[in-house]
Each structure stands twice: as structure tokens, then as C-alpha cells.
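Chemist: Sharing a structure below in C-alpha cells format, with a few things to ask.
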């Protein structure tokens, strides 16, 4: 009996170690789901940077104000084009294909996404009086980082998290995620150094991927007079943009 118990314990330990190793090796496969390359009728802005090509969809070209949009980890941003043109008629819109997504080359990592965000901002800033940002889900981490490095008029974070580490730790509570994780996306830390005039956080009441406590944990680190928090009732993580309130909230925030 004793030998059997030891065998079971050793087996469990080996399984635990094996799963931990697999999490470390394949973590970026679990985080990034590159959208395929698709043809569309909108302008592609293909920029060569650091040996790679960064594609951004450009909408409503020629406006004095601009919004850069960073989408979710599996999002094909082109499908937001009509909605964005309708909601933000007074802004030029830049919808970013992350590295390895759509028409952009390369491999998605936190370092690459951050470098591309800075490069894009610096490329377009001379064309506009103000630059604002929208970051959805994973993109909230990219937008928060950019807002800590560059001047931003308005920052909207949709279904955001405090840090990817905290979200992953909730998903894998028995593993030391801080030691395993390569891409941390620590929005709380980034926004301590924010260069933003106005902020908005939009949450989905029934968010099954980024539970509301992670969004509130981010919001609670910010002064209440600097950030507005909106919760869309009944919405889930992926369905939030299907709600009329979503369009109304974002349009009111940016177009006023």
C-alpha cells in the first residue's frame, strides 16, 4: 500500500512538472491567435520597421484628431471598420494588425507589440492635432503601455485587466505563473506613468475571460476624477461590441 501511494505521488508530481513545462513552452500559442490575411476595400498602411512589415488599416483619412485601435488576441480588426467609421466620423482611425496578424509580418510577443505601437504612434503623430487610443482585451495592455510613453488625449480600455500575470494565475492557480510567464502586460504598472488627459474603462457584466474583479483592480488604482467606468449589462467578453450601449459609450467619450 505504501509503495502504491508513493507511486501515485510521484506520478502526480511528474504530471505537474510536465504540464508546467508545456505551459512555459507553448504559452504564446495559448495567448496569441493571429487573424488570417484577408482582402478588404480599406486603405492598408504598410510600414517597414525593424526588418518586419507592420500593417494598419486607415479609415476617415485627413481628420485633425486620430484614434489608434489595438484589438483582442484573436481579433481580425478589419471587421470593426464599418462600426468605427460610423461611431467616430470626426477622427482618422488606425486599426492595427499585430505582428503575425493579417498583413503584418513577424511573431507576436509583448516586446514586438510594444515596439510596433511606439513606431506607429511616432509615424502618425505629425499628421494630427491629437492622438487617442482604444485597447480591447489584450489590446488594453498595449494601449496602457503606449499611454505611459507618449502623450495621449483620450484612452479607452475595453474589457481590460490589471495584469496578464494576475489573470493567468487565476486560470492556473497551482503554478508559479510569475516565473513561467514571458509576456506580463502589467497595465497597473504602466498607467502609474500615464500621459493621458481622460480615461474610460468599459466592462462586460458577464465577462467569462477577464472576470470583472481584474478590470476593477485596474480602475481602482486610478483617481476617480480621471477615469469613467461603464459596465454593459448582460454582455460577455466577446459579445460586448454587439450591444448598442457599447457604440454609444465610446462615441460619446471620443466625439464630445
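The values are calculated or read from the model by the stated rules, or taken from the named source; none is laboratory data. Only a predicted model underlies this, so the values are computations on that prediction, with no experimental measurement involved. Every residue, glycine as well, gets a Cβ built from its backbone with ideal geometry; the counts of neighbours run over all protein chains shown.
Chemist: Of the numbered conditions (1) modelled with pLDDT of 95 or more; (2) out of contact with any helix residue (DSSP H, G or I) (no Cβ under 9 Å at 6 or more places or on another chain), residue 51 fails exactly one; give the number of that condition.
Modeler: Exception for residue 51: condition (1).
Chemist: How many of the residues in the range 125-146 are assigned to a helix (DSSP H, G or I) and surrounded by fewer than 18 Cβ atoms within 10 Å (Cβ to Cβ)?
Modeler: Summing the residues that are assigned to a helix (DSSP H, G or I) and surrounded by fewer than 18 Cβ atoms within 10 Å (Cβ to Cβ) in the range 125-146 gives 3.
Chemist: For the list (1) surrounded by 24 or more Cβ atoms within 10 Å (Cβ to Cβ); (2) assigned to a loop (DSSP other than H, G, I, E, B); (3) touching a strand residue (DSSP E or B) at 6+ places or on another chain (Cβ under 7 Å), I need the number of the one condition that residue 101 fails.
Modeler: Residue 101 satisfies every listed condition except (3).
Chemist: Here's a check for you: in the range 147-188, which residue that is without any contact (Cβ under 8 Å) to a residue 40 or more places away in the chain, part of a helix (DSSP H, G or I) and surrounded by fewer than 16 Cβ atoms within 10 Å (Cβ to Cβ) is farthest from the chain's Cα centre (by Cα)?
Modeler: Applying the filter and picking the extreme gives 179.
Chemist: Just to be sure, is residue 30 free of Cβ contacts under 8 Å to residues at least 24 places away in the same chain, touching a helix residue (DSSP H, G or I) at 6+ places or on another chain (Cβ under 9 Å) and either closer than 16 Å to residue 105 by Cβ or outside any loop (DSSP other than H, G, I, E, B) (or both)?
Modeler: For residue 30, the condition - free of Cβ contacts under 8 Å to residues at least 24 places away in the same chain, touching a helix residue (DSSP H, G or I) at 6+ places or on another chain (Cβ under 9 Å) and either closer than 16 Å to residue 105 by Cβ or outside any loop (DSSP other than H, G, I, E, B) (or both) - is met.
Chemist: Also, I was wondering about something else. Restricting to the range 217-241, name every residue that is under 27 Å from residue 193 (Cβ atoms) and either in contact with a strand residue (DSSP E or B) (Cβ under 7 Å, 6 or more places away or on another chain) or surrounded by 15 or more Cβ atoms within 10 Å (Cβ to Cβ) (or both).
Modeler: Across the range 217-241, the qualifying residues are 217, 218, 219, 222, 226, 227, 228, 229, 230, 231.
Chemist: Hey, residue 5 hits all of (1) free of Cβ contacts under 8 Å to residues at least 24 places away in the same chain; (2) part of a strand (DSSP E or B) but one; which does it fall short on?
Modeler: Tallying (1) free of Cβ contacts under 8 Å to residues at least 24 places away in the same chain; (2) part of a strand (DSSP E or B), residue 5 fails exactly one: (2).
Chemist: Also, quick follow-up: For residue 191, are the conditions met, namely being in a loop (DSSP other than H, G, I, E, B), without any contact (Cβ under 8 Å) to a residue 60 or more places away in the chain and touching a strand residue (DSSP E or B) at 6+ places or on another chain (Cβ under 9 Å)?
Modeler: no
Chemist: Where residues in the range 64-85 are touching a residue at least 60 places away in the same chain (Cβ under 8 Å) and over 24 Å from residue 112 (Cβ atoms), which of them is surrounded by the fewest Cβ atoms within 10 Å (Cβ to Cβ)?
Modeler: Within the range 64-85, the first condition is being touching a residue at least 60 places away in the same chain (Cβ under 8 Å), and the residues that meet it are 64-73, 75, 80, 83.
In the following step, the residues that additionally are over 24 Å from residue 112 (Cβ atoms) were identified as 64-65, 83.
On the way: 64: 11, 65: 18, 83: 13.
Within the range 64-85, the match that is surrounded by the fewest Cβ atoms within 10 Å (Cβ to Cβ) is 64.
Chemist: Give the residues of the range 165-183 that are in contact with a helix residue (DSSP H, G or I) (Cβ under 7 Å, 6 or more places away or on another chain) and closer than 13 Å to residue 213 by Cα, sorted by residue number.
Modeler: Those that are in contact with a helix residue (DSSP H, G or I) (Cβ under 7 Å, 6 or more places away or on another chain) and closer than 13 Å to residue 213 by Cα: 166, 167.
Chemist: If you check residue 33 against the conditions, is it surrounded by 10 or more Cβ atoms within 10 Å (Cβ to Cβ) and either closer than 29 Å to residue 185 by Cβ or modelled with pLDDT under 95 (or both)?
Modeler: Working: surrounded by 10 or more Cβ atoms within 10 Å (Cβ to Cβ): yes; either closer than 29 Å to residue 185 by Cβ or modelled with pLDDT under 95 (or both): yes.
For residue 33, the condition - surrounded by 10 or more Cβ atoms within 10 Å (Cβ to Cβ) and either closer than 29 Å to residue 185 by Cβ or modelled with pLDDT under 95 (or both) - is met.
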